[in-house]
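The values are calculated or read from the model by the stated rules, or taken from the named source; none is laboratory data. On a predicted model such as this, the values are computed, not experimentally measured, just so you know. Every residue, glycine among them, receives a Cβ derived from its backbone with ideal geometry; neighbour counts consider all protein chains shown.
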Amino acid sequence: MCAAMVNSVASRSARSINFYLFRFDLRVRDNNALIAAVERSSKSDYFIPVYCFDDKTKNQTPYSTTKASPERTQFLIESVASLRGGLRSSGTDLLVGVGDAAEYLSGLLSRVKESGEEVGDVKVFCQEEFCSEEVKVNRSVERAIKTFNQKRGHPNPTGGGSIVNSIWGSSLYELEDAPFDVNSVPTVMTQFRTKMEKNCAIPNCVETFGKGHTCGGIPVILKGEGEKELPGLKDLGFDEALPEADKRAAFEFKGGEENALARVQEYIFDLDLLKTYFETRNGLIGANFSTKFSPFLAVGSVSPRYIAHQCRKYEAERVSNKSTYWVIFELTVRDFCRYFAKRFGDKIFQLDGILGKEARGRHPNSIRWNYNPALVDAWKDGTTGFPFVDANMRELKATGYMSNRGRQNVASFLALDMNQDWRYGGYWFEEKLLDYDIYSNYVSWIMAAGMTGGRVNKFNVVKQGKDYDPKGEYVKLWCPELQDVPIAKIMEPWRMSKDEQKEAGCTLGVDYPNRVVEMKTFQRKEGKDGVKAQRKKKNKEKYKGGQYSIRE
Ligand SMILES: Cc1cc2nc3c(=O)[nH]c(=O)nc-3n(C[C@H](O)[C@H](O)[C@H](O)COP(=O)(O)OP(=O)(O)OC[C@H]3O[C@@H](n4cnc5c(N)ncnc54)[C@H](O)[C@@H]3O)c2cc1C
């Protein structure tokens with residue numbers, strides 16, 4: 001149908017409605033998808049920011065986990081509250097629903113229509129997400145609005161092919177600048193990073209929503225909706241009150257954009273920690289060995305570009321070194337996970353990852369996966385008898401955080417030492433992590449399990465414990481029963497004699513568990529793709545300074 005005909009059917013007084021559906025981009029600053037949506041709307045259109053809480057996070061997954069912990073849900077509530085505050089300061093509001101987004105949006109539309117107001121075209125904008133659950137939400141929103149259009153006899157019920165408009169966002173590098181198409185996203189991080197750094201500059205931040213743009217308001221009938229209180233934990237299926245936070249927790253921040261920006265300012269400038277990040281990043285205890293930006297990035301309270309620009313500012317004002325670059329490097333790893341998921345979609349959730357079932361038994365990385373509930377439970381509870389694994393798993397369970405070093409070790413241990421279906425680990429992380437991010441989590445898991453086809457990093461959890469926790473402080477923090485075990489044996493308590501166990505007040509099998517599995521000696525592939533060869537190559541790759549570029 002041509003535009004002239006559409007205009008002739010829709011009344012002149014009808015105002016179009018553009019929804020902006022927030023998901024993992026809960027911020028008003030440097031939100032390029034939000035700004036693009038405003039730019040695609042006319043000032044005479046209504047512009048309605050919306051967030052819909054999932055009320056099914058308490059449901060069981062096929063891996064006997066839930067979709068979120070109460071702690072992460074609380075962090076999310078704080079983040080949405082902060083977003084609403086930010087939108088209000090920008091002259092609009094945030095309408096908040098609980099449950100199905102499609103039902104919520106069509107309910108809002110019906111209310112506008114029932115108020116007697118004539119509704120023009122309806123569009124929904126959102127940040128692009130590319131795994132099945134989010135795509136399913138988009139499809140059901142598309143269907144619901146099409147049905148609304150059909151019922152009201154709109155001449156163009158399908159919105160000309162796309163009612164829902166997904167816009168790429170929350171990455172460091174812009175998709176359209178990438179020197180490859182989506183089907184050729186490199187599957188090896190080093191290749192991805194080199195290509196991005198060589199060919200792309202990190203774009204400038206976009207202006208804060210509401211500053212440079214005037215957008216249409218919210219229909220009068222829906223104004224009260226924005227005044228509704230946000231749901232609490234109980235409305236989302238959890239107990240009202242959270243258990244008291246563990247005093248040993250490394251992450252002790254509240255959610256929200258202001259808190260995210262405050263943490264960026266604190267870490268980079270106030271505490272002046274950026275210049276030593278490379279040396280401290282493998283730490284295990286406390287808030288400051290790494291940035292702790294991840295929970296904020298996961299819900300989108302801050303953008304990676306904003307962080308990159310703050311790093312560049314720091315470099316200009318204070319010092320530029322390997323550490324200042326390395327935070328950008330890590331954000332590039334985050335990008336890698338997003339781009340990888342964009343290319344492979346739901347394969348990141350599948351047992352054989354991108355290798356596919358057909359490679360089972362034939363690919364060098366192939367594994368015969370098992371599922372032994374007792375072993376998986378021991379892993380989850382931190383009772384495997386391997387102190388470095390147990391300390392990390394107990395920290396995750398008690399606090400929702402685990403260092404990157406810890407995550408790599410426990411993932412490798414579950415998948416490659418215990419040989420358990422890695423998805424039990426992926427889903428457990430999904431439930432527990434405060435910084436759970438669909439792409440970073442599942443891409444990291446399939447990489448840990450060797451299911452991307454690249455190099456397999458099998459971690460020796462005893463050696464890693466000795467290297468990264470040489471005094472056993474971290475292990476003792478989370479496994480206090482090992483407090484008096486001699487330091488030489490703290491990562492392998494099974495080497496203690498009966499007398500030593502008695503002296504340490506730690507009898508194996510009574511005070512601390514016996515090992516649930518033997519650690520395997522893993523036959524690594526050698527040759528040009530082998531671990532030794534790769535390591536040699538890596539050691540040659542010296543830091544040459546400022547490898548990323550930024551649009552000033
Ligand atoms: C099995 C496994 C699962 C993981 N699951 C998640 C997850 O659900 N959410 C998540 O944000 N990170 C995940 N990571 C990556 C990493 O462990 C965390 O991002 C990091 O520990 C968060 O702490 P930080 O913010 O202090 O990180 P920093 O070391 O300060 O790094 C700065 C930022 O860079 C990004 N980053 C750093 N390392 C990685 C990485 N390996 N992969 C992707 N991004 C990275 C994060 O956004 C992080 O906030 C996972 C890693 C593994 C091995």
Original post:
Filtering region 307-341 down to residues that are touching a Lys or Arg at 6+ places or on another chain (Cβ under 6 Å) and part of a helix (DSSP H, G or I), which residue is farthest from the ligand (Cβ to nearest atom)?
Top reply: S323
Original post:
Could you count how many residues in region 268-306 are charged (D, E, K, R) and within 11 Å of the ligand (Cβ to nearest atom)?
Top reply: 2
**OP:** Would you be able to tell me the number of residues in region 391-405 that are surrounded by 23 or more Cβ atoms within 10 Å (Cβ to Cβ), over 17 Å from the mean Cα position of the chain (by Cα) and of a type in the set (A, V, I, L, M)?
**Re:** 2
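Have a look at R312, R334 and point out the one that is basic (K, R), out of contact with any His (no Cβ under 7 Å at 6 or more places or on another chain) and more than 13 Å from L274 (Cβ to Cβ).
On the way: R312 fails: more than 13 Å from L274 (Cβ to Cβ).
On inspection, the qualifying residue turns out to be R334.
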Original post:
Restricting attention to region 144-164, which residues are under 12 Å from K123 (Cβ atoms) and in contact with a strand residue (DSSP E or B) (Cβ under 9 Å, 6 or more places away or on another chain)?
Top reply: I145, N149, N156, G159, G160, S162, I163, V164
Original post:
Which residue out of D435, D421 is in contact with a Phe, Trp or Tyr (Cβ under 8 Å, 6 or more places away or on another chain), under 18 Å from A250 (Cβ atoms), acidic (D, E) and outside the structural domain of L297 (by TED's automatic domain parsing)?
Top reply: D435
Original post:
Does G400 satisfy being at positive phi, more than 14 Å from the ligand (Cβ to nearest atom) and in the same structural domain as E481 (by TED's automatic domain parsing)?
Top reply: no
**OP:** Starting from region 405-426, take each residue that is within 12 Å of the ligand (Cβ to nearest atom) and list its partners that are among the aliphatic types (A, V, I, L, M) and not in a helix (DSSP H, G or I), counting only C-beta distances under 6 angstrom and pairs at least six apart or across chains.
**Re:** A415/A449; W422/A449
**OP:** Determine whether region 123-137 contains at least one residue that is more than 23 Å from the chain's Cα centre (by Cα), outside any helix (DSSP H, G or I), of a type in the set (D, E, K, R) and closer than 16 Å to A33 by Cβ.
**Re:** yes
Subject >> Filtered residue count, region 346-362, keeping only those that are out of contact with any helix residue (DSSP H, G or I) (no Cβ under 7 Å at 6 or more places or on another chain) and over 28 Å from V516 (Cα atoms) >> reply: 7
**OP:** Report yes if P157 is surrounded by 15 or more Cβ atoms within 10 Å (Cβ to Cβ) and in a loop (DSSP other than H, G, I, E, B), otherwise no.
**Re:** yes
**OP:** Give just the number: which of (1) in the same structural domain as L83 (by TED's automatic domain parsing); (2) in contact (Cβ under 8 Å) with a residue 24 or more places away in the chain does F192 not satisfy?
**Re:** (1)
Subject >> Residue in region 265-301 that is surrounded by the fewest Cβ atoms within 10 Å (Cβ to Cβ), counting only those that are touching a residue at least 40 places away in the same chain (Cβ under 8 Å), closer than 23 Å to Y51 by Cβ and not hydroxyl-bearing (S, T, Y) >> reply: L297
Subject >> Residues within region 9-61 that are at pLDDT 95 or above, hydroxyl-bearing (S, T, Y) and in contact with a helix residue (DSSP H, G or I) (Cβ under 6 Å, 6 or more places away or on another chain), tallied >> reply: 2
**OP:** Using the structure shown, decide if G86 is buried (at least 18 other Cβ atoms within 10 Å of the Cβ) and modelled with pLDDT under 95.
**Re:** no
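For the structure I just gave you, tell me whether I348 is within 12 Å of the ligand (Cβ to nearest atom), closer than 28 Å to L21 by Cβ and either buried (at least 16 other Cβ atoms within 10 Å of the Cβ) or within 16 Å of the chain's Cα centre (by Cα) (or both).
Yes; evaluated as a whole, the condition is true for this residue.
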**OP:** Could you list, in sequence order, all residues of region 431-474 that are in contact with a helix residue (DSSP H, G or I) (Cβ under 6 Å, 6 or more places away or on another chain), closer than 27 Å to S171 by Cβ, within 14 Å of the ligand (Cβ to nearest atom) and charged (D, E, K, R)?
**Re:** K432, D435, D437
